[in-house]
Amino acid sequence: MKNLLTKSHLWLGVKYLLISLFVGVVIRGFLLIPVPVTGNSMDQTLTQGDMILMEKFSKVKRFDVIVFQQPDGTIYIKRVIGLPGDEIRYEKDQLYINGVKLTESFLTNNRSHDHQVSPYTTDFQLNELIGEGRLPKNEYFVLGDNRRISKDSRSFGTVQSKDILGKAQAVYYPLTHIKIIS
């Protein structure tokens, strides 16, 4: 009897372990995917060496931080500034979307650490960068939060929706950097 009880407990433990492994693989592979941060273009928001959790299922909105892959295979993490159909311009360090002045509160910390007198984001109009006045269908305009050094849509153009791998949701490592990405 005791031997039968031990075998049933062992089998129950094996089933729980298998179920846990399956759930872990599903979460890790499809829901929350770890991605390392490389480079300084998102400094103050994300730091070189941070590990973020990315998810693939929610709709991309303005000011989301996304992970995408360029045609050459390079993976970037940037902030969405412009959505398909948007007209974008920066004038005197101020963002205008479709003629409306928008506040980028996520840059407050960056600007307070910046000691240069030139604008944090240089002036531009979308048509100067991509040859069109509005973002084409399924294309996004992205910028790094560390605007002075960021390689972003100002240099490589728009990001197509098919190249977006997912949205960054949280920093989970190192432990001193744990936070939800807003």
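Overview of values
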{"quantity": "Any pair with Cβ under 9 angstrom, 6 or more apart, that starts in segment 75-99 at a residue that is on the phi > 0 side of the Ramachandran plot and open to solvent by 20 Å² or more (accessible area, probe 1.4 Å) and ends at one that is among the basic types (Lys, Arg) and assigned to a strand (DSSP E or B)", "calculated": "99/89"}
{"quantity": "Residue among 162, 167, 151 that alone is part of a loop (DSSP other than H, G, I, E, B) and either basic (Lys, Arg) or at pLDDT below 95 (or both)", "calculated": "151"}
{"quantity": "Residue selected from segment 135-171 under the condition open to solvent by less than 20 Å² (accessible area, probe 1.4 Å) and basic (Lys, Arg), by the criterion farthest from residue 33 (Cα to Cα)", "calculated": "147"}
{"quantity": "Residue selected from segment 152-173 under the condition in contact (Cβ under 8 Å) with a residue 24 or more places away in the chain and out of contact with any strand residue (DSSP E or B) (no Cβ under 8 Å at 6 or more places or on another chain), by the criterion farthest from residue 107 (Cα to Cα)", "calculated": "162"}
{"quantity": "Condition check for residue 2: within 30 Å of residue 131 (Cβ to Cβ), of a type in the set (Lys, Arg) and either at pLDDT 85 or above or open to solvent by 60 Å² or more (accessible area, probe 1.4 Å) (or both)", "calculated": "no"}
{"quantity": "Residue 76 being within 14 Å of residue 160 (Cβ to Cβ) and either touching a Ser or Thr at 6+ places or on another chain (Cβ under 6 Å) or not charged (D, E, K, R) (or both)", "calculated": "yes"}
{"quantity": "Residue match in segment 42-63 (condition: within 23 Å of residue 180 (Cα to Cα), open to solvent by 70 Å² or more (accessible area, probe 1.4 Å), modelled with pLDDT of 95 or more and within 12 Å of the chain's Cα centre (by Cα))", "calculated": "yes"}
{"quantity": "Output for segment 129-148, where each listed residue is at pLDDT 95 or above, over 20 Å from residue 47 (Cβ atoms) and of a type outside the set (Lys, Arg)", "calculated": "135, 136, 138, 139, 140, 141"}
{"quantity": "Residue list for segment 108-134, filter: part of a loop (DSSP other than H, G, I, E, B) and either touching a helix residue (DSSP H, G or I) at 6+ places or on another chain (Cβ under 9 Å) or surrounded by 11 or more Cβ atoms within 10 Å (Cβ to Cβ) (or both)", "calculated": "114, 119, 120, 121, 122, 123, 132, 133, 134"}
{"quantity": "So residue 167, is it farther than 18 Å from residue 40 by Cβ, basic (Lys, Arg) and under 19 Å from the mean Cα position of the chain (by Cα)", "calculated": "yes"}
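The values are calculated or read from the model by the stated rules, or taken from the named source; none is laboratory data. Just so it is clear, the model here is predicted, and its values are computed rather than measured. Methodologically, a virtual Cβ is constructed for each residue, glycine included, from the backbone with ideal geometry; neighbour enumeration extends over all protein chains shown. Accessible surface is based on the protein model in full, side chains and every heavy atom, while ligands, DNA and RNA are left aside. Shrake-Rupley method; radii C 1.70, N 1.55, O 1.52, S 1.80 Å.
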